[in-house]
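The values are calculated or read from the model by the stated rules, or taken from the named source; none is laboratory data. These numbers come from a predicted model, not from an experiment. Glycine also receives a Cβ, built like all others from the backbone with ideal geometry; neighbour counts cover every protein chain displayed. Protein only, heavy atoms only, side chains kept; ligands, DNA and RNA dropped before computing areas. Shrake-Rupley method; radii C 1.70, N 1.55, O 1.52, S 1.80 Å.
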Amino acid sequence: MAKAGKTGREVSASLGFPLSVSALYFLSALYNPSATVEALLRSLKILANIAPILVVVILLMAFTSYLLSPGRAARYLSGKSGWRGWLLAIIGGIISTGPIYVWYPMLRRLREQGVRPGLLAAFLYNRAVKIPLIPLMMYYFGLPFVLTLTILTILASLLEGVAIELLLGGKG
Amino acid sequence: MGRAERKSFLRVLINAASSFALGFPILLGVILLMGLLGTLIPSEWLFKVFTANPLWDTLTGAAVGSIAAGNPINSYVMGGELLKEGVSLYAVTAFIIAWVTVGLVQLPAEAAFLGGKFAILRNGLSFILALPIAAATGLILSPLG
């Protein structure tokens, strides 16, 4: 029953936000219909662009659940995981692609399996390191900038992860 | 992989898809909000908010980067253009780093999936960290010209 209650809360929470955005669209349509249509088309384009990544995320969610049992997740990424947990979070964040929000469902699942919130924060922070975009960044800002910012970002991710652990005390 | 294991994976896959579907309306809300903001707020607006004060501009860069959403490519292109326009490297760095680490548009979705306290703390800390990162990057690179 508790689980059913939680699901009910999740459903209402998951509907509240899109309904608020729909209300914004309604207001926007009253004042500027053409811009609202343009916004809808822009949103559709974003959705079309990220659709393949969403499929990859669902598959990854399934694979992590399949391969990483709650016991294993707790061992690799829990309080006793040590430097290996941080390393996994850093590498995972750097290699993950697509918009940040497509990773939330997978991260929630990992959290439910006992992964520490600090590691999730480090994962999310390291998404700032975009390996495929490094050539573009170098073109605009040069190699020293890219190297400096990458190193500082990784260090900051650890700092943020530790701060989250201290502030949340391992809870989420 | 045996038949029983394959069945088990299929069950895990269906479970993952249902879990994802439960959160999909929130993702849809984020996408729709990004579409609306991207249309109603033109990118030229960015160039008007920076002054010549590096300290104030760094804070502004982090603030604008936190509000902005979308592909990080846009932040590099805009950051490069801002740099050409004479905006300080501190401000541009804060803008770029906040763009990817802070997400005010995605905050409701992050809170729904990972908890409100976690989402607010993470985004707040990311905003604060954008400032020393920008300062350190500027200080390290200034001797190199």
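Screening residue A:85 with (1) open to solvent by 10 Å² or more (accessible area, probe 1.4 Å); (2) more than 13 Å from the chain's Cα centre (by Cα) gives one miss only, at (1).
Per this entry, residue B:91 is counted among residues that are crowded, with 22+ Cβ neighbours inside 10 Å and touching an Asp or Glu at 6+ places or on another chain (Cβ under 6 Å). Contact map, the stretch B:91-110: residues that are over 17 Å from residue A:127 (Cβ atoms) paired with residues that are open to solvent by 20 Å² or more (accessible area, probe 1.4 Å) and part of a helix (DSSP H, G or I), Cβ distance under 6 Å, separation 6+ or inter-chain. Pairs shown: B:92/B:83; B:108/A:17. If the condition is being more than 12 Å from the chain's Cα centre (by Cα) and open to solvent by 60 Å² or more (accessible area, probe 1.4 Å), then the stretch B:55-67 contributes B:55, B:56, B:59. Kindly provide the set of residues from the stretch A:19-52 that are open to solvent by 70 Å² or more (accessible area, probe 1.4 Å) and among the aromatic types (Phe, Trp, Tyr), ordered by number. Answer for the stretch A:19-52, where residues must be open to solvent by 70 Å² or more (accessible area, probe 1.4 Å) and among the aromatic types (Phe, Trp, Tyr): A:26, A:31. The requirement of being out of contact with any Leu (no Cβ under 9 Å at 6 or more places or on another chain), in contact (Cβ under 8 Å) with a residue 12 or more places away in the chain and open to solvent by 50 Å² or more (accessible area, probe 1.4 Å) is satisfied by residue B:37.
Does the stretch A:139-156 hold any residues that are touching a residue at least 24 places away in the same chain (Cβ under 8 Å) and more than 9 Å from chain B (Cβ to nearest Cβ), and which are they? Write out each step before concluding.
First, pick out the residues of the stretch A:139-156 that are touching a residue at least 24 places away in the same chain (Cβ under 8 Å): A:153-154, A:156.
Hit for the stretch A:139-156 is A:154, nothing else.
Within the stretch A:98-117, restricting attention to residues that are part of a helix (DSSP H, G or I) and either under 20 Å from residue B:93 (Cα atoms) or more than 13 Å from the chain's Cα centre (by Cα) (or both), the residue that is farthest from the other protein chains (Cβ to nearest Cβ) is A:112. Inspect the stretch A:148-167 for any residue being crowded, with 17+ Cβ neighbours inside 10 Å and modelled with pLDDT under 90 and give the result as yes or no. Within the stretch A:148-167, none of the residues are crowded, with 17+ Cβ neighbours inside 10 Å and modelled with pLDDT under 90. Looking only at the stretch A:118-151, residues that are closer than 15 Å to residue A:91 by Cα and part of a helix (DSSP H, G or I) come to 13 in all.
For every residue, the table says whether it meets (1) closer than 30 Å to residue B:24 by Cα; (2) modelled with pLDDT under 90; (3) open to solvent by 30 Å² or more (accessible area, probe 1.4 Å); (4) not β-branched (Val, Ile, Thr).
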residue	(1), (2), (3), (4)
B:69	yes, yes, yes, yes
B:72	yes, yes, no, yes
B:80	no, yes, no, yes
B:84	no, yes, yes, yes
B:111	yes, no, yes, yes
B:133	no, no, no, no
B:137	no, no, no, no
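A search for C-beta distances below 8 Å between a residue of the stretch A:19-33 that is more than 10 Å from chain B (Cβ to nearest Cβ) and any residue that is open to solvent by less than 80 Å² (accessible area, probe 1.4 Å), counting only pairs 6+ apart in sequence or on different chains, returns A:29/A:36. Restrict the check to the stretch B:96-108 and report whether at least one residue is of a type in the set (Gly, Ala, Ser) and modelled with pLDDT of 85 or more. Yes; the residues of the stretch B:96-108 include at least one that is of a type in the set (Gly, Ala, Ser) and modelled with pLDDT of 85 or more. Checking each residue in the stretch A:121-138 for being within 20 Å of the chain's Cα centre (by Cα) and within 7 Å of another protein chain (Cβ to nearest Cβ) picks out A:121, A:124, A:125, A:127, A:128, A:130, A:133.
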